[in-house]
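Worksheet: the structure to be examined is printed underneath.
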Amino acid sequence: MKRRLETLARIGKLQRQLHDLAAWRLAQIGQRRDGLAEDEQATWRAVGEGLAAYGPLAEVAMGRIRRLEAEIAAADAAYAAQSREALKEGARAKLAERAHDDLEGKFRDQQQRRELAELIERTLGKPPSSSA
């Protein structure tokens, strides 16, 4: 049972690391999406001012805005997918933690029962049983 407990501890640690990685990826995608939105706003402001509002510069700026909108839409989709992944990894980490805690409680109970039985046997003056 001790080996199972150690194995569950390693699994729990790995699941927490996977969850942390998924959360980090989610933050990176969010930062990228926010940066693209800022670029889009800056481009819109530039188009609304001076000579950039007319002619070939306006056409170039509108093309850039369309590309930014497409990238923002892709980043939104990636953010939603990564958000679901982070949630799944978090649930797995929580399940691994609960399984470890449950087994740890059972292991502690088993050790306490064994120690109590040894104490009773010593108190009664009997030799320890070999069934422990």
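The values are calculated or read from the model by the stated rules, or taken from the named source; none is laboratory data. Note that the structure is predicted; figures quoted are calculated from it, not measured. Note: ideal-geometry Cβ built from the backbone for every residue, glycine included; neighbour counts use all protein chains shown. The accessibility values were calculated without ligands, DNA or RNA, using every heavy atom of the protein model including side chains. Shrake-Rupley method; radii C 1.70, N 1.55, O 1.52, S 1.80 Å.
In the elastic network of the chain, a GNM with C-alpha springs shorter than 10 Å, the most mobile of A70, A86, A96 is A70.
Taking only protein heavy atoms and a 1.4 Å probe, the accessible area of the chain is 56% carbon and sulfur.
The candidate values were (1) 1.99; (2) 1.50; (3) 1.12; the one computed from these coordinates for Rg/Rh (Cα atoms, Kirkwood Rh) carries the label (2).
Taking square-rooted eigenvalues a ≥ b ≥ c of the alpha carbon gyration tensor, is region 1-61 rounded, prolate or oblate, where a/c under 1.5 means rounded and, failing that, a/b exceeding b/c means prolate?
Prolate is the answer for region 1-61, as a/c is 1.5 or above and a/b outweighs b/c.
Which stretch or stretches of region 94-108 have amide N atoms under 20 Å from the point lying 7 Å from I120's Cα along the Cα→Cβ direction? Residues 106-108 fall inside that zone. For the chain, the mean residue ellipticity at 222 nm estimated from helices alone is -33000 deg cm²/dmol, where every DSSP H run of n ≥ 4 contributes -39500 (n - 2.57) and the total is divided by all residues, rounded to the nearest 500. Probing with 1.4 Å while keeping every protein chain in the model, the per residue accessible area of the chain equals 74 Å². The label point for K2 and the one for Q28, both projected 7 Å from the Cα toward the Cβ, are 4.1 nm apart.
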